[in-house]
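**Student:** Structure incoming, see below.
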Amino acid sequence: MLQVLINGMVLGSVYALIALGLTMVFSIMRVVNFAHGQMYMVGAFIVYYVYGQFAMPFWFALMCAAVLLGLIGVLFNQIFFQPVLANAKREENSMLMAVGTALLLENLALTFFGEKQRGVPPVVDGAFIYGDITEGGAILTYPNAMVTVLSMAFILALLLFVQYTRPGRALRAVAQDKEAARLQGVDVKATTTLGFAIGAALAGLAGALLVTVYGVNSGVGTNISTKAFIMIMIGGAGVTSGAIVGGVLLGFAEAIGYDLLPGSLTYLLIFIGMIVFLVFKPNGLFGKPWG
């Protein structure tokens, strides 16, 4: 059981990072970014090439993933989402645009990277060993420990940024009420662009971290997006604390399920449990009705 808890902690920390990026975009723009998993995939490929192929330092590869995904977020927002949101008369148009960007990134990845599963050399070697493995002990490998610590550090950095900086307060104001924020002098367009960039950068960082453990392929984006949607539906769409709790809960549910059940059955039960949960709690644990 100790090993399951450790696995859940590792997964939950990174899943919370993924969910935070998705919920930030939704809370500010009311857009479900269906390309979030594909942005995760691009971040993983950046680390694969910068660190794995070009042998640059891992911290530099992480920085490249965050910066390049942030730029992709800016471009997507400026070129695709802002024009649609400004001119569309129906909310479905922004959802169709989000699906289109996901398909765009996935097909570009298939064209340039192919379908092959790729991995990177370990960033650190070794493991913490707790007790006797044959008698209920557990192993926490250094790569998993690194992923957990860095994920928590990025989450904490984001929370501090949103809480204590001027741009962070602007993000919170726009998320609460765009018109009121505009009347108070907030540049709503620039703030939404910043929010989209941060959301994309968080997805890229999550991919950059997990590629060191699980590798990456061009089809991983859809799976990650599905998990991200589960997390924010559990926690509550657009709620930061809900994203974190949803990510942690899914991480532990996945770890426990894979330990006790066949892999395919684990997510079948997770989906069934989520449906039953939403029947009784349609806005999630911390969410409120929109509109």
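**Student:** For segment 105-120: of the residues being open to solvent by less than 60 Å² (accessible area, probe 1.4 Å) and not aromatic (Phe, Trp, Tyr), which is farthest from Gly204 (Cα to Cα)?
**Tutor:** Gly114
**Student:** Is it the case, given these coordinates, that Ile234 is of a type in the set (Val, Ile, Thr), over 13 Å from the mean Cα position of the chain (by Cα) and open to solvent by 50 Å² or more (accessible area, probe 1.4 Å)?
**Tutor:** In short, no.
**Student:** So which of Thr141, Thr148 is surrounded by fewer than 19 Cβ atoms within 10 Å (Cβ to Cβ), polar (S, T, N, Q) and either in contact (Cβ under 8 Å) with a residue 40 or more places away in the chain or over 24 Å from Met39 (Cα atoms) (or both)?
**Tutor:** Thr141
**Student:** Which numbered condition in (1) open to solvent by less than 70 Å² (accessible area, probe 1.4 Å); (2) of a type outside the set (Lys, Arg); (3) in contact with a Leu (Cβ under 9 Å, 6 or more places away or on another chain); (4) farther than 19 Å from Gly37 by Cα is the only one that Ala208 fails?
**Tutor:** (4)
**Student:** Also, I was wondering about something else. Would you confirm, using the coordinates I've provided, whether Val162 is within 23 Å of the chain's Cα centre (by Cα), of a type in the set (A, V, I, L, M) and more than 22 Å from Gln53 (Cβ to Cβ)?
**Tutor:** yes
**Student:** Which numbered condition trips up Asn33, out of (1) in a loop (DSSP other than H, G, I, E, B); (2) of a type outside the set (Phe, Trp, Tyr); (3) crowded, with 21+ Cβ neighbours inside 10 Å; (4) at pLDDT 90 or above?
**Tutor:** (4)
**Student:** Here's another thing I want to ask about it. Is it true that some residue in segment 104-122 is closer than 19 Å to Val25 by Cβ, touching a helix residue (DSSP H, G or I) at 6+ places or on another chain (Cβ under 9 Å), in a helix (DSSP H, G or I) and of a type outside the set (A, V, I, L, M)?
**Tutor:** Yes, that holds for at least one residue.
**Student:** How many of the residues in segment 238-249 are open to solvent by 30 Å² or more (accessible area, probe 1.4 Å) and not in a helix (DSSP H, G or I)?
**Tutor:** Here the count works out to 1.
**Student:** Turning to a different aspect of this structure: From the list Thr212, Thr226, which residue is assigned to a helix (DSSP H, G or I) and either on the phi > 0 side of the Ramachandran plot or touching a Gly at 6+ places or on another chain (Cβ under 8 Å) (or both)?
**Tutor:** Exactly one of Thr212, Thr226 is assigned to a helix (DSSP H, G or I) and either on the phi > 0 side of the Ramachandran plot or touching a Gly at 6+ places or on another chain (Cβ under 8 Å) (or both), namely Thr226.
**Student:** Could you look through segment 36-53, keep only residues that are open to solvent by less than 10 Å² (accessible area, probe 1.4 Å) and over 15 Å from the mean Cα position of the chain (by Cα), and pick out the one that is farthest from Glu115 (Cα to Cα)?
**Tutor:** Out of the qualifying residues, it is Val47.
The values are calculated or read from the model by the stated rules, or taken from the named source; none is laboratory data. Just so you know, these numbers come straight off a predicted model, no measurement behind them. Note: ideal-geometry Cβ built from the backbone for every residue, glycine included; neighbour counts use all protein chains shown. What goes into the accessible areas is simple: the full protein's heavy atoms, side chains included, and nothing from ligands, DNA or RNA. Shrake-Rupley method; radii C 1.70, N 1.55, O 1.52, S 1.80 Å.
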